[in-house]
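The values are calculated or read from the model by the stated rules, or taken from the named source; none is laboratory data. All figures in this text were calculated on a predicted structure; none of them were measured in a lab. Here the Cβ positions follow ideal geometry from the backbone for every residue, glycine too, while neighbour counts run over all protein chains shown. Just so you know, the surface numbers come from the protein's heavy atoms only, side chains and all, with ligands and any DNA or RNA stripped out. Shrake-Rupley method; radii C 1.70, N 1.55, O 1.52, S 1.80 Å.
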Amino acid sequence: MSTTGEHAPSAPEWTCGTCGADWPCEPKRDLLLREYRLDRAMLTVYLGSCLAAATQDLPSPAGASLQERFIGWLPRQPRTS
């Protein structure tokens, strides 16, 4: 496991290379929200591309869906217009 603290995904299992949790793990979610705080749409595009790659590597999970795992955790913000 990596000790760099980057919490990068390890394919084809899609687990965190730092902490071993399902990716994106809680620390990575926090990092992503800070990194993309000014461009939530780009964060959604990035996570959508990760989701697409993960669907090729992972079998359909029992219970929670991959969509929920990859993008369902994003905070919902009311539209201002």
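When the range 1-52 is limited to residues that are part of a helix (DSSP H, G or I) and touching a His at 6+ places or on another chain (Cβ under 6 Å), the one that is least open to solvent (accessible area, probe 1.4 Å) turns out to be Lys28.
If you take the residues in the range 59-81 that are over 12 Å from the mean Cα position of the chain (by Cα) and closer than 16 Å to Arg29 by Cβ, which one is modelled with the highest pLDDT? Give the derivation first.
Taking the range 59-81 as the starting set, the residues that turn out to be over 12 Å from the mean Cα position of the chain (by Cα) are 59-65, 75-81.
Of the ones still in play, those that are also closer than 16 Å to Arg29 by Cβ are 64, 75-77.
Values: Ala64: 65, Pro75: 89, Arg76: 82, Gln77: 71.
Of everything passing the filter in the range 59-81, Pro75 is modelled with the highest pLDDT.
I'd like the full set of residues that are farther than 13 Å from Leu74 by Cβ and either at pLDDT 95 or above or of a type in the set (A, V, I, L, M) (or both), limited to the range 36-58. Answer for the range 36-58, where residues must be farther than 13 Å from Leu74 by Cβ and either at pLDDT 95 or above or of a type in the set (A, V, I, L, M) (or both): Leu38, Ser49, Ala52, Ala53, Ala54, Leu58.
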